[in-house]
1. So, in segment A:91-128, how many residues would count as being within 18 Å of the chain's Cα centre (by Cα) and surrounded by 17 or more Cβ atoms within 10 Å (Cβ to Cβ)?
2. Would you please name the residue that is nearest to the chain's Cα centre (by Cα), looking only at residues in segment A:192-216 that are β-branched (V, I, T) and open to solvent by 30 Å² or more (accessible area, probe 1.4 Å)?
3. Kindly check whether there is at least one residue in segment B:163-178 that is within 14 Å of chain A (Cβ to nearest Cβ), in contact with a strand residue (DSSP E or B) (Cβ under 6 Å, 6 or more places away or on another chain) and either at pLDDT 95 or above or more than 13 Å from B:L98 (Cβ to Cβ) (or both).
4. Can you go through A:L232, A:L221, A:L147 and tell me which one is in contact with a Leu (Cβ under 9 Å, 6 or more places away or on another chain) and within 14 Å of chain B (Cβ to nearest Cβ)?
5. Could you list, ordered by first residue, the pairs with Cβ atoms under 8 Å in which the first is in segment A:194-206 and free of Cβ contacts under 8 Å to residues at least 12 places away in the same chain and the second is open to solvent by less than 40 Å² (accessible area, probe 1.4 Å), at least 6 apart or interchain?
6. Checking A:Q140 against (1) more than 14 Å from chain B (Cβ to nearest Cβ); (2) of a type in the set (S, T, N, Q); (3) open to solvent by less than 70 Å² (accessible area, probe 1.4 Å), which test does it fail?
7. Restricting attention to segment B:21-33, which residues are crowded, with 24+ Cβ neighbours inside 10 Å and farther than 19 Å from B:K180 by Cβ?
8. Applying the selection to segment B:34-54, what residues are under 16 Å from B:M189 (Cα atoms) and aliphatic (A, V, I, L, M)?
Amino acid sequence: MILPTLFLAAGGPLSGWFAKLHETFIVNERYKMMIEGFRNTIIITLGALVIGVTIGMLIAVVKYLAEDVPGLKPLAYVCDLYVKVIRGIPMVVLLLIFFYIIFSHAKNGIPVAIVAFGINSGAYMAELIRSGINAVDAGQMEAGRSLGMSRLQAMRVVVFPQAVRYILPAIGNELIALLKETSVAGYVAVVDVTRAGNLIRNNSYDAVNPLMLVALIYLVLVLLLTWLLGKLERRLSTGDKR
Amino acid sequence: MISVKNLQKNFGGVEVLKGINTEIDKGDVICVIGPSGSGKSTFLRCLNMLERPSGGQIIFEGDDLTDKKIDLDLHRQKMGMVFQQFNLFPHMTVMKNLTVAPMLLKKVPEEKARAKALELLGKVGLADRADSFPNQLSGGQKQRVAIVRALCMEPDVMLFDEPTSALDPEMVGEVLDVMKKLASDGMTMVVVTHEMGFAREVANRILFLEDGVILEEGTPDHIFNHPENERLRSFLAKVL
């Protein structure tokens, strides 16, 4: 934020724009909102990712084991219901329900948002982890079982390590979707990147610069994740020992 | 060692096995032959309950495997299985493929498991491939490793599900040689195969399966030289 100030002093053809940036972001220290928003967006996204992967993994394993263990059938049914219900409700509605009904006494929206986004994400994670597990040749499970491994042991030692190559890229895509989806966190009074931009727009009467900055932040984050994901996929495919 | 009593298996209303009865004794080398779709593989896969029978019983060393209360995993440790498609674990080295089950299930110390694996690898001529990954091996080498993987659990019986059907012709011999050696060492074996030469030479009993039943069984001499059943005769005429 010192940079535009310097350019302002230096003058030149862009000095008009720098003056505007100064007025929008520096005056009243409005840039601090953007920093807080950025931090919150990252916190919510990562928190939701952890919850989502955990839920997804549990559901995927329960549903997989239930194919062989009749006692797990009711639990698998509950998992199915969860996935169906969550996938049928828009994220914003889910977020409002969590904030105004389930956690109606919550003062801070951030933990509520993390839980809501995590539970939403878990439903999608469950499906993609399951399809990753199903992508591993059925002969692998059979070979494990034929040696005397239980279904869970064969899953842990034989099938899952092979499923990871299918699952990790899919989780990366889900992470990108999740990051962008957190832009509705402002509905429950959380200052995320989007809300911060909107607040700055409101306070500074400058719509162009705050919103463009918000768009740019998401874009850069997504490009960064895409790049990392590409690297990861290349590494997984060169490690292919088939 | 294994008694099969009135074994039946349906797949969605299709009767694949229609009541199979046979006894497998210690030291037996039994070859199961028959046209494709006759139920040979299903029969074999029922023996270690990879397929759950729809009816009948499998009595293995005195325990009924179809009993829901039985600990199948424990019994499967004593029944080695070799698959047509090898099914080696592609993410593990050959050594890890061989030691993972004994270490996990029988709590064999790593040193001991590795020594045992190396010894058996040596017997099939692959001691120098211990650190290779399965994708670096030929089909014949993969299948020999798969046989050793099953042997590392020190099973009482070995089940072979068309072990040479997925191999290039020039690699069939090396796998059959390993199986012959195993048979002469006294291993109890049940082999589903299309290798009539192997069946004739190594088996002490041959089951001819067609349409989900054992149509004829007997010594190789009986099956190949004095077949009684018309269907067996026409099958042999086609494959020999």
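The values are calculated or read from the model by the stated rules, or taken from the named source; none is laboratory data. Computed from a predicted structure; not experimentally measured. Using ideal geometry, Cβ is built from the backbone for each residue, glycine included, and neighbour counts are taken over all protein chains shown. Side chains included, ligands, DNA and RNA excluded: accessible areas come from the protein's heavy atoms. Shrake-Rupley method; radii C 1.70, N 1.55, O 1.52, S 1.80 Å.
1. Total meeting the criteria: 23.
2. Filtering first and then ranking leaves A:T194.
3. Yes: segment B:163-178 contains one or more residues that are within 14 Å of chain A (Cβ to nearest Cβ), in contact with a strand residue (DSSP E or B) (Cβ under 6 Å, 6 or more places away or on another chain) and either at pLDDT 95 or above or more than 13 Å from B:L98 (Cβ to Cβ) (or both).
4. Exactly one residue qualifies, and that residue is A:L147.
5. From residues that are free of Cβ contacts under 8 Å to residues at least 12 places away in the same chain, the pairs are A:R201/A:P210.
6. (1)
7. If the condition is that a residue be crowded, with 24+ Cβ neighbours inside 10 Å and farther than 19 Å from B:K180 by Cβ, then no residue fits.
8. B:L44, B:L47
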